[in-house]
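The structure appears below as structure tokens.
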Amino acid sequence: MRDTDGLTSEATQDIALNTPPTATFTVSPDPDTPLREGTVYTFDASASSDAEEPAASLEVCWDWDNNGNCDTAYSTTKIATHSFAYDDGEVQTVRLVVRDTYGLTGEATRDVHVLQDLPPTATFTFTQPAWNQVNFDASASTDDHDPPATLQVAWDYQGDGDLDTEYSLLKTASYTYPHLGCYWPTLYVKDTFDRVGALPRPVNIIPPTAAISLTGSGGTLNSIDGIVQVAVYTDTVGGDVISNGLVITYTPWLTLPHDIMTGTFVYQGFTLSAWSLADGQPVNEISGTYTITVSYDYDYLAHVLHLPFEEELELYHWASGTPALWTPVDFTLDTATDRLVAAASSFGDFALVMDVHRFYLPRVARSN
Ligand SMILES: [Ca+2]
Ligand SMILES: [Ca+2]
Ligand SMILES: [Ca+2]
Ligand SMILES: [Ca+2]
């Protein structure tokens, strides 16, 4: 200061000047090298500094998406981890905020490059060493990042949406189906990022065609998974044969796919060609009208297989000729005794058909 006389005086005072911290951080692994989404990065702000105070007293917060709002609370802990989703961007910017004890802040940002991680491509083959046994092999499944050996697989054998196995590195499985039908077993493949790819494939669980040739005078036929009961009867009046008939009982029925009758299951094609009556005379050599009665197991079909089947029953007879045809045979359904009764004027190949494909397929979204 200087007064009007030119005299001066001086004084000094310490002014506390505070400066913002210097923010800096490292990222591991290298954020400039694109890595699959989900990779866990370690962020280390330990090298941040301040002119007035030690680093230990500085607080940091992390703004993972650089939207101006910290996603972590301020903390003196300088190390944090975070991972990124590809959906949020191929390049994502992380912002560090460093705060000194006076509340001044410094900031730094780094870009992290992210690669998409797709679900595995599920694929499998299968073999059927027996008609109801299926061996599955998913080893050809692949992933965009993980080698096949690290992929885990699980199986839904029916395609009903419920997994029947745990996830496992083992790529093969085997299953024996308790019931015939067309199933959509579904493979689920999971990569190390827990992304899951799935594939359903249709599998027909159908017994092989049983050769049904009614020969001899016995009353039973051995078939693939059951016994067909056959009975023959003859009505006579005054020693003359007036009526011949067969009763066929099969529980449960076999099924066989029939190319000619597309879209249906054929239950027990049976041949009535060489049955002998008690007197030794072959049935098919007796002229006239024959009664064919087929008994069905209502409880099994309706309550075990849950088939509303009775209205779907059809009886066909194979008519040779050019072209040979399956022709429908009229019949009467006796729901009281669970029998189907038809009259035929000739023997040959018959097929009992249930148009049940609409009901019996498992609940599954068809891929076509
Ligand atoms: Ca400071
Ligand atoms: Ca944020
Ligand atoms: Ca993947
Ligand atoms: Ca299942």
- Query: How much net charge surrounds ASP32 when only other residues with a Cβ under 14 Å from its Cβ are counted (Lys, Arg +1; Asp, Glu -1)?
  - Reply: -2
- Item | Packing-based order for 330-339, 145-154, using average beta carbon neighbours within 10 Å, highest first | 145-154, 330-339
- Query: How much length is gained if the chain between SER174 and ASP87 is pulled fully straight, taking 0.36 nm per residue apart and subtracting their Cα-Cα distance, in nm to one decimal?
  - Reply: 27.5 nm
- Projected label distance in nm at ASP330 and GLU107, using a 7 Å step from Cα toward the beta-carbon: 9.0
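Kirkwood Rh over alpha-carbon pairs of segment 125-205, then Stokes-Einstein at 25 °C and 0.890 mPa s: what D in µm² s⁻¹, rounded to an integer?
Estimated via Stokes-Einstein, D reaches 190 µm²/s.
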- Size of electric dipole in segment 26-115: Cβ of Lys, Arg +1 and of Asp, Glu -1, about Cα centre, debye, nearest 20: 160
- Farthest towards the positive end of the dipole of segment 125-205, among THR172, SER139, ILE205 and with Cβ unit charges of +1 on Lys and Arg and -1 on Asp and Glu, lies the Cα of ILE205
- Note on the structure: For TYR298, the accessible surface traced by a 1.4 Å probe with all protein chains present amounts, in square angstrom to the nearest 10, to 80
- ASP299 accessible area, 1.4 Å probe, all protein chains in place, Å² to nearest 10: 90
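Work out the length of the dipole vector of segment 125-205 about its Cα centre, built from +1 on the beta-carbon of each Lys and Arg and -1 on the beta-carbon of each Asp and Glu, and round it to the nearest 20 debye.
260
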- Message: At 20 °C and a viscosity of 1.002 mPa s, what translational diffusion coefficient does Stokes-Einstein give for segment 26-115, taking Rh as the Kirkwood radius over Cα pairs? Give it in µm²/s as a whole number.
- Response: 159
- Each residue of segment 17-31 in turn: what ³J(HN,Hα) in whole Hz from Karplus with 6.51, -1.76, 1.60 and θ = phi - 60°, glycine and Pro shown as x? 9, 10, 10, x, x, 9, 8, 7, 8, 10, 10, 9, x, 3, x
- Item | Of all accessible heavy-atom area on segment 59-129, the percent that carbon and sulfur account for (1.4 Å) | 44
- Give me the distance in nm between label points sitting 7 Å out from Cα along the Cα-to-Cβ direction at GLU53 and GLN133, one decimal. 7.5
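The values are calculated or read from the model by the stated rules, or taken from the named source; none is laboratory data. In this text the structure is predicted, and so the values were computed from the model without any measurement. Note that we place each Cβ from the backbone using ideal geometry, even for glycine, and neighbour counts take in every protein chain shown. With ligands, DNA and RNA removed, areas are computed over all heavy atoms of the protein, side chains included. Shrake-Rupley method; radii C 1.70, N 1.55, O 1.52, S 1.80 Å.
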